[in-house]
Amino acid sequence: MEKKISVPFVSFMPIEKELAKSMRLAFDRVYASSWYIGGKEDENFEKAFAEYCSVRFCVGTGNGLDALMLSLKALGIKAGDEVLVPSNTFIATALAVTYVGAIPVFVEPDIHTYNIDTKKIEEKITKRTKAIIPVHLYGQPCDMDSILEIAQKYSIYVVEDCAQAHGAKYKGKKVGTFGDVGCFSFYPGKNLGALGDAGAVVTSNKKVADKIRSLGNYGSDYKYHHIYLGSNSRLDEMQAAFLSVKLPHLNRMNAERQRIAKMYLERIKNPQIILPYICPESEHVWHIFGVRCNKRDKLEAFLRKNDIGTNKHYAIPIHLQECYKGLNLKYGDFPIAEEISKTELSLPMYYGITEEQVQYVVDIINRFD
């Protein structure tokens, strides 16, 4: 009988141990400076992340949701406008649209990639459509060539949601650099995670970058001078310092996720498990390793019984969430998103998971009937 081991869904301990000394030095540096908002740490990280993404500007924000919301506001999206979003994504994508007064219009995903189905976009475009938010879900880039072609045809903005795709590439170019803006979350569990909430917007458009910065700083372009009805959403010095420590390790951490994913893909042999599909033009960074199974809940319970942590992304589609009942959408309106919500199960995926743990997960899954 095989040895039972514990495999959490996620653990920060491996990277925390590796970087502990550098992170403590970063904390001490900020603490000694007595400067906690809008200082050199923020400036240095923004410059480094812009260079990493190969864009001109990066603007730190309080979190990923604010990155999306401030971007939409900066692009002039307002009440009555429509913004296309995937029907299969985390709710923050839609909330950002709602918070600027616009209407989220859902587009079904491709059942293989789980990303927005570019063949279904044009049928949802109306005279009120002003933008589209492609989400690079789980760390796999969307079909950006098709999205950009459609956006150009209908003169609509492209706001990339890169919250799960730090460092991912489409045809050799990093996500976040195709559209008008790219929006990132640095929530602790992300591929590049802070030690709290944090986010950023990247763009090569100075006018847009400046407006996003002002909107996140009470609408101010300089102290006590307010040109917009803004909000308070800034990347603080401490989180910027922590992110600066982690950023040089991002490619290495992503490569490790890719190695782990390769093991899962090659070793899981259970015919009941639908493995992820990888687009040939994409470099997937595996924020999530999501499989599908028609007996998902039974599989989840079986893995839990064997001390393996899992998660469901996302068990209730946005159009069926109570907070969006005002859109008058019902079960059956987005059957592909609903199918994914009923069958998707995310396996343990994090930097530092051991090969023994991965093999244990594989062995247990292969025993599932």
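The values are calculated or read from the model by the stated rules, or taken from the named source; none is laboratory data. All values reported here derive from a predicted model rather than from experimental measurement. Cβ coordinates were reconstructed from backbone atoms using ideal geometry, including for glycine residues, and neighbour counts include every protein chain displayed. When the accessible area is computed, the model is the full protein with side chains, heavy atoms only, and any ligands, DNA or RNA have been set aside. Shrake-Rupley method; radii C 1.70, N 1.55, O 1.52, S 1.80 Å.
Points to keep in mind about this one:
- Accessible surface, the chain, averaged per residue in Å² (probe 1.4 Å): 45
- Separation of region 319-341 from region 277-302 is 21 Å, based on Cα centroids.
- Under 16 Å from K211, Cα to Cα: lysines that are on another chain or at least 8 residues apart: K73, K78, K223
- Where both bridge residues fall in region 159-228, DSSP classifies roughly 75% of the beta bridges as antiparallel.
- Cα centroids of region 59-88 and region 203-262: 15 Å apart.
- The phi torsions of region 134-139, fed into the Karplus equation with coefficients 6.51, -1.76 and 1.60 and a -60° offset, translate into couplings of x, 9, 7, 5, 6, x Hz, rounded to whole numbers, with Gly and Pro shown as x.
- Intensity falloff of the chain expressed as log10 I(q)/I(0), Debye formula with alpha-carbon point scatterers, at q = 0.07, 0.08, 0.12 Å⁻¹: -0.31, -0.40, -0.91
- Its residue count N fixes a reference of 2.2 N^0.38 Å for region 70-110, and the Cα radius of gyration divided by that reference is 1.10.
- Among the listed pairs K305/K342; K3/K169; K169/K190; K47/K120; K40/K130, those with a Cα-Cα distance over 27 Å are K3/K169; K47/K120; K40/K130.
- Here's how it looks for T129: its modeled amide H is under 5 Å from those of E82, which are all 5 or more places away or on a different chain.
- Rounded to the nearest 500, the 222 nm mean residue ellipticity of the chain from helices alone is -11500 deg cm²/dmol, with -39,500 (n - 2.57) taken per DSSP H run of at least 4 residues.
- Between W35 and Y154, residue separation times 0.36 nm minus the direct Cα-Cα distance comes to 38.3 nm.
- The chain - percent of accessible surface contributed by carbon and sulfur, probe 1.4 Å: 53
- N115 long-range amide H proximity, modeled H, under 5 Å: D110
- Computed from backbone phi with θ = phi - 60° and the Karplus coefficients 6.51, -1.76 and 1.60, the 3J(HN,Hα) list for region 161-177 is 9, 10, 4, 10, 9, 4, x, 5, 10, 10, 6, x, 10, 5, 5, x, 10 Hz; x is used for glycine and proline.
- Counted over the chain, the DSSP beta bridges are approximately 60% antiparallel.
- For the pair I103 and A48, label points projected 7 Å from Cα toward Cβ lie 4.5 nm apart.
- Here the Karplus curve 6.51 cos²θ - 1.76 cosθ + 1.60, taken at θ = phi - 60°, turns the phi angles of region 241-249 into couplings of 5, 5, 5, 5, 5, 7, 4, x, 9 Hz, with x standing for Gly and Pro.
- Between D221 and I227, the built amide H atoms are under 5 Å apart, and every one of these is 5 or more places off in sequence or on another chain.
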